[in-house]
Amino acid sequence: MANAKPPTQNQAGQTHSKLIRLIAIIFLALIVLVGLTILIIWLTIKPKKLVYSIDDASIHNYNLSNTNHLNATYYFILRAYNPNKKVSVYYDKVDIDVLYDDETVSRGTIDPFHQPKRNATRFKLNLASHDVSLTNGIAHDLKAERSSGQVEMVVKLKARIRFKVGAWKSRHYHMKVTCAPIMVHFSFSSKGFQRTTCDVDI
């Protein structure tokens, strides 16, 4: 009886190539399956848009020098509302900018936090301008508005967030929030504050 011939180098190479292709197909199928599962979960839940507003705002310790250098402290109450019944939100990073006439006059952060389902969280933000240099035009506008007891400002947030449904957590999303215009009253003013609804983009 003749002995079986050992596989040639070419046959061995073909077998190895088929094995690699099979592994690649299985891996690709798993990626597609996971992606479809996440998409079905997302479409089934239909998460609602997060809601932000500024519920109060005031300026204290205001001082604008003759050389147009601004010192002031700002007090804001920021309300963040998650209207979803099945989705909670992880805020891993939140940066805040306060602007006047498109000029950033103060910056701050909010510590990372987790917001449960159907939850409203209020943040008391205490921010400040420390010797901020303003252009002549912006300084002139600020002096003019101050005489009325309030100034128009903008608060912007940039955040890295993740959504959580059950044990599943989404990838990171970048969220931008713009609150404008905010009519911020000075501490000496008796004017009431009108809540400002913010625009949220994820």
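Quick notes on this structure:
- Rounded to 10°, Cα long-axis angle of helix 136-146 versus longest principal axis of the chain: 70
- Formal net charge of residues neighbouring Ile54 (Cβ-Cβ distance under 10 Å; K, R +1; D, E -1): 0
- Whole-number percent relative contact order across the chain, with pairs defined as alpha carbons under 8 Å at least 6 apart: 22
- The heavy atoms of Asp101 present about 70 square angstrom of accessible area, all protein chains included, probe 1.4 Å.
- Sites Leu28 and His174 - FRET efficiency at Förster radius 30 Å, r taken between beta-carbons, to 0.05: 0.60
- Nearest-10 value in Å² for the accessible area of Thr73, using the 1.4 Å probe: 50
- For the range 63-114, the equivalent ellipsoid derived from the alpha-carbon gyration tensor has semi-axes of 33, 11, 9 Å in decreasing order.
- When the listed pairs Lys85/Lys158; Lys48/Lys93; Lys158/Lys191; Lys93/Lys191; Lys18/Lys164 are checked against a 28 Å cut-off, the alpha-carbon distance exceeds it for Lys158/Lys191; Lys93/Lys191; Lys18/Lys164.
- Computed lengthening from Asn136 to Phe113, 0.36 nm per intervening residue step minus Cα-Cα distance: 4.3 nm
- Taking other residues whose beta carbon is less than 14 angstrom from the beta carbon of Leu64, and scoring Lys, Arg as +1 and Asp, Glu as -1, yields -3.
- Helical content of the chain, expressed as a calculated mean residue ellipticity at 222 nm, amounts to -8500 deg cm²/dmol (DSSP H runs of 4 or more residues, -39,500 (n - 2.57) each, divided by residue number, nearest 500).
- Extension reserve of the Arg195-Arg21 stretch, reckoned as 0.36 nm per residue once the Cα distance is removed: 56.6 nm
- Spacing of the modelled spin labels on Ser58 and Asn126, each 7 Å from Cα toward Cβ, amounts to 1.3 nm.
- Positive minus negative residues near Pro181 (Lys, Arg vs Asp, Glu; Cβ under 14 Å): -4
- Available extension along the chain between His69 and Lys48 is 3.3 nm, counting 0.36 nm per residue and deducting the alpha carbon span.
- Bins of 10 Å, starting at 0 and running to the largest distance - Cα pair percent for the range 54-202: 11, 39, 29, 15, 6, 1
- For the range 41-181, the solvent-accessible area works out to 53 Å² per residue, with a probe of 1.4 Å and every protein chain left in place.
- Tensor-based shape of the range 135-202 (alpha-carbon gyration tensor, a/c under 1.5 rounded, otherwise prolate or oblate): prolate
The values are calculated or read from the model by the stated rules, or taken from the named source; none is laboratory data. These figures come from a predicted structure and were not determined experimentally. Glycine gets a Cβ as well: all are built from the backbone with ideal geometry, and neighbour counts include every protein chain shown. Areas reflect the complete protein model, heavy atoms only, side chains present, ligands, DNA and RNA absent. Shrake-Rupley method; radii C 1.70, N 1.55, O 1.52, S 1.80 Å.
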